[in-house]
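Novice: Here you go, one structure.
Every read-out reported here was derived from the displayed coordinates using simple, explicitly stated rules and does not represent laboratory data. What you see is a predicted model; the values in this text were computed from it and never measured. Positions of Cβ are backbone-derived with ideal geometry, glycine not excepted, and every protein chain shown enters the neighbour counts.
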Amino acid sequence: MSPEAPAALTALTPWIALIGPAELFAGFAAINTVTFAMFGIDKARAANGQWRVQESTLLGLALLGGSIGAWAGRRAFRHKTRKQPFGRRLVTISAVQVLAVAGLAGWWLGG
């Protein structure tokens, strides 16, 4: 690990070494599947006038890596499409994740 590596990455290095591509893909698929399902559950509950999934839960799942599931759920269920504060927050989460992945890829490939 290079001396200019962020402290958080240095601290995570032993844990990252234990995670292979298959485990990483499985975790990514799982969080996106759960996020997608939660959008469907919330839409069904909204239609039936039942208790709803909190927006913070939906955004939290997106933040944990479920952005693709969130976008797919919004589109498939036509859910949370007119809620502007929610939409802006999801866009922000997604943009930060894209920048983080690009930064990590550049750091990883460049170092």
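Novice: Gain in length, Q54 to T81, computed as 0.36 nm per residue apart minus the alpha-carbon separation, to one decimal in nm?
Specialist: Gain in length upon complete extension: 8.2 nm.
Novice: In terms of the ratio Rg/(2.2 N^0.38 Å) built on C-alpha atoms, what value belongs to region 22-110?
Specialist: 1.17
Novice: Using a Förster radius of 25 Å, what is the FRET efficiency between V91 and A46 based on their Cβ-Cβ separation? Nearest 0.05, please.
Specialist: In this case the efficiency is close to 0.70.
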